1. Can you name the residue in segment A:109-130 that is within 14 Å of another protein chain (Cβ to nearest Cβ), touching a helix residue (DSSP H, G or I) at 6+ places or on another chain (Cβ under 8 Å) and of a type outside the set (S, T, N, Q) and is also surrounded by the fewest Cβ atoms within 10 Å (Cβ to Cβ) among such residues?
2. With respect to the numbered conditions (1) over 23 Å from A:Gly40 (Cα atoms); (2) at pLDDT 85 or above, which one is the sole condition not fulfilled by A:Leu224?
3. Does B:Asn174 satisfy the criteria of being part of a helix (DSSP H, G or I) and loosely packed, with under 14 Cβ neighbours inside 10 Å?
4. Surrounded by 19 or more Cβ atoms within 10 Å (Cβ to Cβ), within 14 Å of chain A (Cβ to nearest Cβ) and of a type in the set (Ser, Thr, Tyr): which single residue out of B:Thr343, B:Thr324, B:Thr254, B:Thr279 fits that description?
5. Considering only segment A:123-141, state which residues are part of a loop (DSSP other than H, G, I, E, B) and modelled with pLDDT of 90 or more.
6. So which of B:Leu297, B:Leu325 is assigned by TED's automatic domain parsing to the domain that holds B:Val186 and within 38 Å of the chain's Cα centre (by Cα)?
7. So in segment A:56-83, with the set limited to residues that are of a type in the set (Val, Ile, Thr) and more than 9 Å from chain B (Cβ to nearest Cβ), which one is farthest from A:Val29 (Cα to Cα)?
8. Can you confirm whether B:Ala235 is at the interface with another protein chain (Cβ under 10 Å from one of its Cβ atoms) and out of contact with any His (no Cβ under 6 Å at 6 or more places or on another chain)?
Amino acid sequence: MSETQENITNQEKIINVTDFTAAYGETIVIDNITFDVYKGEKFIILGGSGCGKSTLLKHMIGLYRPAKGRILIEGQNIGAAYGQGRIEILKSIGVSYQSGALFGSMTVIENVMLPLKEYTDLSKETMDLVARMKLNLVGLSGSEDKMPAELSGGMIKRAALARAMALDPDILFLDEPSAGLDPITSAELDQLINQLSKSLGVTFVIVTHELNSIYNIADRVIMLDKSTKGIIAEGRPEYLRDNSTIPIVQKFFLRKTDDQLGDGGERSKAMPGRE
Amino acid sequence: MTNHTATSTASVQSATEDNNTLRVKINGRLDAYTTGGAWNESVNALSKTKPANLIVDAGGVEYCDASGIALFIKLQLQQEKQGGGFKVEGLSPELEKLYDLFDPEQFAEHDDEKAPKDDTIVAIGKESFNFWQELRVHIEFTGKLTVGLVKAFLHPWKIRWQEVFMTSEKFGANSLFIIALVNFLVGLVIAFQSAIPMQTYGAEIFVADLVVIAYFKELGPLMTAFVVNGRSGSAFAAELGTMKVNEELDALETMGLDPVPFLVIPKVIAALFMLPLLTVFGNLFGLLGALVVMFSLGFTFETFLNQITTAATYGLLLSGLFKTLFFALIIAGVGCLAGMRATKGPSAVGDAATKAVVIGIVLMILVDGIFGVIYYILGI
């Protein structure tokens, strides 16, 4: 257990993942992992390509059901919830997808208003105002009536974030928020996430492998590993970068290959342990 | 023994030095365009002689890229498979570096790597499991669709009417021309083809009866449904398939919104309203096609009208229109399901659209057959 984790264990847990295993058919992708996310933190799931980051996220947002174990969102087991119980859990979370996933047949403001229309009794004017406020929060004032196809990559991510925040959820899940964005737009998005976290107190769970974003945003990270199908490291990114002795973690945070680490690749094959 | 074959810019000389050693000397360029000829020649020489040792003399190679290295690896692997020794000689230092990049062992085909073939019982088991999984998905979807429709009719204010009207415009109004054209031509052809034998018996006046009965009961509903299926069923599949690929369906689910009532039900309702109307329109144009033939046979409009009003009944018209409700369900349901089940990849949406059209047509013919039997039993 890292120093960082010891410091925050007295905080309130908002997500609790216990003995969780994810599988596609007979192929196990993630094997028996356990971790917690604490209220108000910016928690990042990272790892190399194909290690199961997005799979974990999709289980956490209830798209897939765990092969084993449980995922509690604010104490409710999302993997075992059905009907109204599941909807209540889903109302407490917001999700921004890698592609943005805005509905192409609706304008930006209609996209943001959709969850409000479905779940609230607000009048049309109120919904319109709330949606405009959310779009203003992400810096998209003036783009309300545009269609998603008219937006740039960065604007799509912002609009998706505004839609995810429509019902003021307690937890926001972001899948690869900076993927495909230029460094400036990416840094602006990081800044926006930090601002929202500070001003709204929302818990962020973010899947990414963009190192700059990780250092800019993360309070705490877990790193998944493809070979062990488990969590290989957990803690603050700076702490892991400076102190981890696990080759794959070093390689990730220092952006180095086996040869550059000077071990000819043998170290990466060593039995990895959890930091 | 010495063989020599020249390709355009690469040549191979193979010679047995003693009873146990084959020396293959390669000269010229070994690139993607020239290696093919050298490949066949050297591999054939190796297969024929099966030497204990193979020496590839690359001293005359002027240029070599990955294709040339692939030839060396192929020769090495084949020789090792035959249990012989292998050596490359004369590689320049630059080519040596390129050669060292690839470990031949990584390209060897190991027999134990091949997936063992399932025995028949396992294969049958797997196929049965897949079949039941497929069936389960369809039953689940049909159940959701039924519940969604019942809920929609019990709470009509909850239906997304804007979406229904927009779909109705695309599904109905925008397909009027093609439906008119197809039905007009089919009516014309049927009338013309039946007029030829009927003329023999002086019964050509009954062409009008034949067309109206065939059209009201079978051709009108079927032809219209086929056209709409090709046009709108595939469009539904493409629309939902694109949404699936763009994660929009996932986004709906994580908002707690079921895609079936949200996306599918408005399309089904639009189809249920529009297909019977389109069929009436199609029937009309089918009869117009027949009218043209009747005119050409010398009959007047009044005669044609008298014949069709005598032959056609409301029961006949309604029996055809009733079927269209089921066709509408099939077109919208199958189209949407195919789209929602689209996989990832560049051909996903196209595959979904194709599946929607093919399954839709097969199911509609099947349902039409069932109705044919039921109507026969009921005497309609």
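The values are calculated or read from the model by the stated rules, or taken from the named source; none is laboratory data. Fair warning: this is a prediction, and the values are worked out from it, not measured in the lab. With ideal geometry, Cβ positions are generated from the backbone for all residues, glycine too; neighbour counts draw on all protein chains shown.
1. Checked segment A:109-130; the qualifying residue surrounded by the fewest Cβ atoms within 10 Å (Cβ to Cβ) is A:Lys117.
2. (1)
3. yes
4. On the way: B:Thr343 fails: surrounded by 19 or more Cβ atoms within 10 Å (Cβ to Cβ); B:Thr324 fails: within 14 Å of chain A (Cβ to nearest Cβ); B:Thr279 fails: within 14 Å of chain A (Cβ to nearest Cβ).
That would be B:Thr254, the only listed residue that is surrounded by 19 or more Cβ atoms within 10 Å (Cβ to Cβ), within 14 Å of chain A (Cβ to nearest Cβ) and of a type in the set (Ser, Thr, Tyr).
5. To start, the set of residues in segment A:123-141 that are part of a loop (DSSP other than H, G, I, E, B) comprises A:123, A:138-141.
Scanning segment A:123-141 gives a single hit, A:Ser123.
6. Working: B:Leu297 fails: within 38 Å of the chain's Cα centre (by Cα).
Of the residues listed, the single one that is assigned by TED's automatic domain parsing to the domain that holds B:Val186 and within 38 Å of the chain's Cα centre (by Cα) is B:Leu325.
7. As a first pass, look at segment A:56-83 and keep what is of a type in the set (Val, Ile, Thr): A:61, A:71, A:73, A:78.
Next, only the ones that are more than 9 Å from chain B (Cβ to nearest Cβ) stay: A:71, A:73, A:78.
Values: A:Ile71: 16, A:Ile73: 21, A:Ile78: 19 Å.
Taking the candidates together, the pick is A:Ile73.
8. On the way: at the interface with another protein chain (Cβ under 10 Å from one of its Cβ atoms): no; out of contact with any His (no Cβ under 6 Å at 6 or more places or on another chain): yes.
For B:Ala235, the condition - at the interface with another protein chain (Cβ under 10 Å from one of its Cβ atoms) and out of contact with any His (no Cβ under 6 Å at 6 or more places or on another chain) - is not met.
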